[in-house]
Amino acid sequence: MKRMKFKMILPLLTLCSVLFSTIAFSQASSDKPSNKWEVIYQQDGIVISTRMDNCRIGKAKFPSQYVFLKIENNNEESKTVNYDFGLQYYEGCSGCQEESEFHYAISITGNSFLEADCNFENYGLSRIVSNPNLDGGWKYESLKITNVQID
């Protein structure tokens, strides 16, 4: 009786093991940035999330890759979020130094959020990562939000 139950359970365990291994491998080997919002910073009721997407601008042959931010204010009162929006490349960091040209101060009302997308309506919440329409370019590694101050 015990042997028969084991024979029935063994294929199920094997299937689960194969599925789990496939899922774990696909996550570990993924080198594509996520196009879903991922929280990267939380403090004092402010939540900053990021995602990447490709946007076709004008008549460009290929879409360019952009990184977008979403800033949520979970407080009752308005807040101003100051930050440096850096992009780390293999060749160096663009915007990682304090008060760089990519330093922003975003005001956001209480219990609301601002987010960027391919419409580029919210200044300071997006940066281009790569443009395949141009030769050369740096190799992107990561996003860096630094020097965050909440007022």
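The values are calculated or read from the model by the stated rules, or taken from the named source; none is laboratory data. From a predicted model like this one, the values you see are computed outputs, not experimental measurements. Reconstructed Cβ throughout: ideal geometry from the backbone, glycine too, with neighbour counts over all protein chains shown. Just so you know, the surface numbers come from the protein's heavy atoms only, side chains and all, with ligands and any DNA or RNA stripped out. Shrake-Rupley method; radii C 1.70, N 1.55, O 1.52, S 1.80 Å.
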**OP:** Report yes if L143 is without any contact (Cβ under 8 Å) to a residue 60 or more places away in the chain and crowded, with 16+ Cβ neighbours inside 10 Å, otherwise no.
**Re:** no
Subject >> Check on K32, within 25 Å of P132 (Cβ to Cβ) and either at pLDDT 50 or above or charged (D, E, K, R) (or both) >> reply: yes
**OP:** Scan the stretch 94-123 residue by residue and report those that are touching a residue at least 12 places away in the same chain (Cβ under 8 Å) and acidic (D, E).
**Re:** E98, E99, E115, D117
Original post:
So L134 clears everything in (1) farther than 19 Å from V47 by Cα; (2) in contact (Cβ under 8 Å) with a residue 60 or more places away in the chain except one condition, right? Which one?
Top reply: (2)
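Report whether or not K79 is more than 23 Å from Y140 (Cβ to Cβ), of a type outside the set (S, T, N, Q), at pLDDT below 95 and out of contact with any His (no Cβ under 9 Å at 6 or more places or on another chain). Give the derivation first.
On the way: more than 23 Å from Y140 (Cβ to Cβ): yes; of a type outside the set (S, T, N, Q): yes; at pLDDT below 95: no; out of contact with any His (no Cβ under 9 Å at 6 or more places or on another chain): yes.
In short, no.
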Original post:
With respect to the numbered conditions (1) open to solvent by 50 Å² or more (accessible area, probe 1.4 Å); (2) of a type in the set (S, T, Y); (3) in contact with a Lys or Arg (Cβ under 7 Å, 6 or more places away or on another chain), which one is the sole condition not fulfilled by T109?
Top reply: (3)
